[in-house]
1. Quick one: net charge of residue 356's neighbours, Cβ under 10 Å, K/R +1, D/E -1?
2. Taking the Cα centre of each part, how many Å lie between segment 44-78 and segment 82-99?
3. In debye to the nearest 20, how big a dipole does the chain give about its Cα centre with +1 on each Lys and Arg Cβ and -1 on each Asp and Glu Cβ?
4. Classify segment 384-472 as rounded, prolate or oblate, taking a ≥ b ≥ c as the square roots of the eigenvalues of its Cα gyration tensor: rounded when a/c is under 1.5, otherwise prolate if a/b is larger than b/c and oblate if not.
5. Go ahead and run the numbers for FRET between residue 448 and residue 294, Cβ-Cβ distance against an R0 of 25 Å, rounding to 0.05.
6. Multiply the residue gap between residue 203 and residue 107 by 0.36 nm, knock off their C-alpha separation, and tell me the result in nm, one decimal place.
7. With the Cα gyration tensor of segment 258-312 in hand, convert its eigenvalues to equivalent ellipsoid semi-axes via √(5λ) and list them largest first in whole Å.
8. Work out, step by step, the length gained on full extension between residue 456 and residue 157: first 0.36 nm times the residue separation, then minus their alpha carbon distance; give nm to one decimal.
Amino acid sequence: MPQRRSHVDSSAAQTELAVALSALRADLDAPVDFPPEVLDEARASTSPPPELDLRDLPFVTLDPPGSRDLDQAFHLERDGRGYTVRYAIADVPGFVSPGGAVDREARRRGQTLYAADGSIPLHPPVLSEDRASLLPDIDRPALVWTFGLDGEGTVVDTALERALIRSRLQLDYTGAQEAVDRGEDGPVSLLPEIGRLRIAQERARGGASLNLPDEEVIRTDGGGYAIRRRSPLPVEEWNAQLSLMTGMAAASLMLGAGVGILRTMPRPDDAAFDTFRRQTAALGRPWITGDYGDFLRDLDRTDPLTLPVLQAAATLFRGAGYVTFDGSTPTDTVQAAIAAPYSHATAPLRRLVDRWTLTICLAVSRGEALPSWARDSLADLPGLMQESSQRASRLDAATVNAVEAALVTPLIGAHVEATIIELRGERARVQLADPVVTASAPVPVDARPGDVVRLRIARADIGAGEIEFSLD
């Protein structure tokens, strides 16, 4: 599931918040610059010759505007009553030499880290933003998944091959949505059909995937702070379904072969659901009846309070991890949010584990033996990914804390109403609706979860990411 991110625009670049956010990367103990030998190897690396030439197919990419690390490109076409979906993934396994300098450095990093003022990439930009990226109007090697879908959106056929492609367009979400809304006959004209069918498949499975958009922190004319929120567009959710479909296919291939790595997550327990219900009530969008997946899907994406609800829902999806197997199937194979076995397979430029998944799936598809380097290092992956995920979580939490402290700074000394989400001894997690902030605060001794209490904002420290409340 995507992490909550906050970005600083140019108007806030010199503020105390920008300084605090910039300092987070220095305190993270994460590598920023690449060693010379890694850069040299990245510049000299080449990929294997492709087996197919698919440059005649008009692939396109769909990403946030300005993106350079383009992992995926797609081509959609109708096939009788069904569809053919081709999903091309950057051929990072072909560019990275096992045991080489780039490989060793990538294992040290684990994943691209996203800070509010920039990123710390997994691979040198010469690879991730240039030679391996599926940029438009350039021949690129790719690992191309070909899916046959029936009229209900069910996958009935899957293939994976190494091919040469040429993306025609680099689309962004807004432009793609506008093209769909105008009814244009173009590269994304089938995406709504396929996306809606895959969402219906997800609903039938009992899944509840999230698609959290970015937030932007801005400085107001009055000298305070605000978060500019962009409502998620339908095209983003349809596009996400292509990635989820690919991850499920990868998991199925590896489970069938008896070797691989899965992304697993347990179903939320009753306490987590109770906490989420209180948060939705505090935000004025209560989840009262029905499955939580249906509740999330049915939220009005134009409602400004939908984003905080989705962010609160992200707390349900805890306990995710990686499980490797070689010879025997794991006991628990399901990723609860997706309600199916699932593997990370679509972002190898930005996530280490995807390189192993793609390598294993390609060997299985070809009927070949798994490369020894992938099998020998398979058991190391959960630890490497856990370490990098912990760094990412610390960065994300510190970023949110700094942003929330900035949001309440103009309100120091003022009283606000907050809903108690969860009691923790003499303190509680509370939810403010405006500004949307979740924090720890003292509460009356007889308070209960769901109660609304009146608090005074006593102090806010942007640099430390701390907010202090009092009951007076």
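1. Overall, the nearby charge balance is 0.
2. The distance from the Cα centre of segment 44-78 to that of segment 82-99 comes to 8 Å.
3. Values: 49 positive and 68 negative charges, 102 e Å.
The dipole of the chain has a size of about 500 debye.
4. Here segment 384-472 falls in the oblate category.
5. Working: r = 28 Å, r/R0 = 1.12.
Result of the calculation: an efficiency of 0.35.
6. Working: separation 96, 0.36 × 96 = 34.56 nm, distance 3.59 nm.
Separation in residues times 0.36 nm, less the Cα-Cα distance, equals 31.0 nm.
7. On the way: eigenvalues 136, 42, 20 Å².
Ellipsoid half-lengths, sorted descending, are 26, 14, 10 Å.
8. Values: separation 299, 0.36 × 299 = 107.64 nm, distance 5.98 nm.
Going from the current span to full extension adds 101.7 nm.
The values are calculated or read from the model by the stated rules, or taken from the named source; none is laboratory data. Just so it is clear, the structure is predicted and the values come from calculations on it, not from any experiment. Cβ coordinates were reconstructed from backbone atoms using ideal geometry, including for glycine residues, and neighbour counts include every protein chain displayed. Ligands, DNA and RNA are excluded from the accessible area calculation, which covers all protein heavy atoms including side chains. Shrake-Rupley method; radii C 1.70, N 1.55, O 1.52, S 1.80 Å.
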